């Protein structure tokens, strides 16, 4: 692999600084606060210098979204492939951890921006974190860990809806509320996954 030149490293550092400052603005003022001129002012760059990295505000936001999606997908892949508990449970907990630890990125992906997938007829984009949850649901059904009467899309969407709702409640309406959210969230996930498991007749009947 070719080693990056000094110019490429400087460009990468500058690009990272721009994105970090954009996240800081979003933390203060939300997505509506993002403006290239304000970014240039905060970074002590000229607007023209900033336009060498991003053509417009939309491209900057799209880059932030892609980077945030990649971070969440990395967490979900790690959760799905490592651990003693049920993969679906681990995926739910990883999503909740991302929402808690990366609130600005979480809001950008799942509150500010619409889904790139617009119907069930379309496959989730290759880079979509939801694709990881959907694959885990298909595997669980195929392996008999979940009822064969279920379909993977319903399992994935229900799991995603539960953890998303819990994450949003904790970070908005219940912000500052004194409770063991992690414990309650885990219990809710355990009950949900258990409700999908094959029943005694369904899972135990032979031939």
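Residues that are buried (at least 18 other Cβ atoms within 10 Å of the Cβ) and part of a helix (DSSP H, G or I) do occur in region 114-129. Per the conditions (1) touching a residue at least 40 places away in the same chain (Cβ under 8 Å); (2) part of a loop (DSSP other than H, G, I, E, B), the sole criterion not satisfied by residue 54 is (1).
Could you list, in sequence order, all residues of region 57-102 that are in contact (Cβ under 8 Å) with a residue 60 or more places away in the chain, in a helix (DSSP H, G or I) and surrounded by 16 or more Cβ atoms within 10 Å (Cβ to Cβ)?
Let us first name the residues in region 57-102 that are in contact (Cβ under 8 Å) with a residue 60 or more places away in the chain, namely 66, 69, 86, 88-89, 91-93, 95-96, 99-100.
Now restrict to residues that are in a helix (DSSP H, G or I): 66, 69, 88-89, 91-93, 95-96, 99-100.
Listed by number, the residues that qualify are 69, 88, 89, 91, 92, 93, 95, 96, 99.
Applying a threshold of 6 Å to beta carbon distances and a minimum spacing of six or more residues, or different chains, the list of pairs starting in region 187-199 at a residue that is in the same structural domain as residue 161 (by TED's automatic domain parsing) and ending at one that is loosely packed, with under 11 Cβ neighbours inside 10 Å and in a helix (DSSP H, G or I) is empty.
The values are calculated or read from the model by the stated rules, or taken from the named source; none is laboratory data. These figures come from a predicted structure and were not determined experimentally. Note: ideal-geometry Cβ built from the backbone for every residue, glycine included; neighbour counts use all protein chains shown.
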